[in-house]
1. Is there any pair linking a residue in the stretch 384-410 that is free of Cβ contacts under 8 Å to residues at least 12 places away in the same chain to one that is of a type in the set (A, V, I, L, M) and assigned to a helix (DSSP H, G or I), with Cβ under 9 Å and at least six apart or on different chains, and which?
2. Specify the residue that is farthest from residue 249 (Cα to Cα); the eligible residues are those in the stretch 175-214 that are open to solvent by less than 30 Å² (accessible area, probe 1.4 Å) and either among the acidic types (Asp, Glu) or at pLDDT below 80 (or both).
3. I want to confirm something. Restricting to the stretch 120-163 and keeping residues that are of a type in the set (Gly, Ala, Ser) and not in a helix (DSSP H, G or I), which single residue is modelled with the highest pLDDT?
4. Pairs needed: first member in the stretch 31-49, open to solvent by less than 50 Å² (accessible area, probe 1.4 Å); second member anywhere, polar (S, T, N, Q) and modelled with pLDDT of 80 or more; C-beta distance under 6 Å; at least 6 residues apart or different chains.
5. In this structure, is residue 95 closer than 28 Å to residue 60 by Cβ and of a type outside the set (Lys, Arg)?
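The values are calculated or read from the model by the stated rules, or taken from the named source; none is laboratory data. All values derive from a computational prediction rather than experimental measurement. Counting neighbours? That spans all protein chains shown, and the Cβs are built from the backbone with ideal geometry, glycine included. Heavy atoms of the whole protein, side chains included, go into the accessibility calculation; ligands, DNA and RNA do not. Shrake-Rupley method; radii C 1.70, N 1.55, O 1.52, S 1.80 Å.
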Amino acid sequence: MELFTQPYFALFVIICIGFIIGNIKIAGVSLDISAIIFVALFFGHHGVVIPPIIGTLGLILFIYTIGMQAGPGFFDSFRKQGRALMVLTTIVIVSASLITFIAFYYTGIEMPVAIGLLTGALTSTPGLAAAIDATDSPLISIGYGIAYPFGVIGVILFVRLYPKITRANVKAAEDEYEKESHSGFPDILSRTFQVDNEAILNKSIKELKIRSMTGAVISRILHEGESVIPAPAAVLSKGDLVKAVGTKDALEKIKLLIGHETDEDIPLHKSYEVQSVLVTNKEAVNKPLGSFNLWLNYQATVTRVRRSGIDITPSPSMRLQMGDKVMVASSKENMKQVFSFFGNNDKKLSDTDFFPIAIGIVLGILFGNLSLTFGNGDAFTFNPGLTGGVLLVGMILSRIGRTGPIIWSMSGAATQLLRQVGLMFFLVEVGTKAGANMVETFELYGYNLFIIGGLITIVPMFLAVVASHFFKKMNFLSLMGTITGAMTSTPGLAAASPMTDTNAPAVAYATVYPVAMVLLIVCVQILAAFG
């Protein structure tokens, strides 16, 4: 058809067919959005051409949003999750890269094909993008397309069969994980105490420095049978009841400071109310909570902050993030002003400001064009390239969160949309480009590519399991999440999640995935240098 000579028509036809095929499930397994590359290979084989600018634009959007999404998790993983997850991830990526190099060295396949097998066996589209950027070879996509199907199926089979073969105790792993989670993110509780400590009588909340001394927040006071607003100047008298909010440890400190615990409840002051407020005002984002002077301005107190499903005790140094929910106690007449200050606008979370995105991408492209030289004489020159530059800048900016009036972070909906659009455009262009040489490559290498791709998928997972036995505290459910994250396999995570009612696999996956992605991109660039 003449219409297929029009790139814009062919682009969306390939995307449509790709989504139809991607939603087909066989034995519970589907290719999802990755089916687009197989459709593009077919169209490319039959002469359809998509302009390279489409692929480059898609690559930039996809990699930048990956960086924005992965940045906070990447940096926090080194601080919170410990070295075990990092070691296992490194074992998976490095062993897969070594198998790739051995295959290149001993079987005679071209390095671009070998790198494509690596990215396909690990089901890594960011790795594919980095490989194409590093080599500019259509053979990358062919290797990716050959190894990808078993990369998906192999991880799923491993995750499904491993617990049965090893007779893993899922219930024990769940109990262990819940215990660890509780210690990492203690529950926020509220209790009432009666003032009977002579040392604090007739002193104000401000004088006692209750928040800094205990970590808890005073939310209500009952004085002589009447509910009193918990202002910093409020004075505590013998027999008063004080309601405090905080962790178990913080409330124990309150008990030592104020007096014994009681079951009596304190009603809200008639002019006071407590409401949950959504942070959507840019002026409130990434600033210390103590700098707002909420009490002086609105006679308001923040009693807790809910972020990503977790309740956190507020502190003056805490910096709020877009989308946080803060529990605020304030006078009824001032609550509207509190709402206005924090934003409390659901619609703003779905709005997308393209100015920070454009600046971030420009900075990423500029950084990607820098060349760093190490040593003298036979110096080694490292160039991040388009992929590395955009990815690193995205990660750094997402970690910073805000610079002056510019909010770098993006809402989940905006990130997902731009990521999907970029990925679709990228897959269509590289797929059609690779399709022109697909048949010739398969005739040249035959079934060897399938075997090599299978080895790259299976061997690293077994090595990770063996290595995990050296980490005695490695939770089985976290191990499954770590393996799927290191293999960058979302279908694998989908197979691991139904094993348990906890989010252990998902948390490990989210921690490991950005690390695996960065390591793989580095390994791809090293392999490309050998080719």
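1. Listed pairs, sorted by first residue: 403/397.
2. Step by step, filter the stretch 175-214, then rank; the result is 177.
3. Selected residue: 137.
4. Sorted first by the residue in the stretch 31-49, then by its partner, the pairs are 40/432; 43/432; 44/432; 48/432.
5. Criteria not met by residue 95.
Residue-wise test of (1) at pLDDT below 80; (2) under 17 Å from residue 328 (Cα atoms); (3) open to solvent by 50 Å² or more (accessible area, probe 1.4 Å); (4) of a type in the set (Lys, Arg).
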| position | (1), (2), (3), (4) |
| --- | --- |
| 221 | no, yes, no, no |
| 234 | no, no, no, no |
| 256 | no, no, yes, no |
| 264 | no, no, yes, no |
| 269 | yes, yes, no, no |
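So that you can scan it fast, the table gives a plain yes or no per residue for (1) more than 13 Å from residue 487 (Cβ to Cβ); (2) open to solvent by less than 10 Å² (accessible area, probe 1.4 Å):
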{"site": "94", "(1), (2)": "yes, no"}
{"site": "109", "(1), (2)": "yes, yes"}
{"site": "116", "(1), (2)": "yes, yes"}
{"site": "119", "(1), (2)": "no, yes"}
{"site": "127", "(1), (2)": "no, yes"}
{"site": "140", "(1), (2)": "yes, yes"}
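For (1) surrounded by 19 or more Cβ atoms within 10 Å (Cβ to Cβ); (2) of a type outside the set (D, E, K, R); (3) modelled with pLDDT of 80 or more, each residue gets a yes or a no:
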residue: 409; (1), (2), (3): yes, yes, no
residue: 413; (1), (2), (3): no, yes, no
residue: 466; (1), (2), (3): no, yes, yes
residue: 473; (1), (2), (3): no, no, no
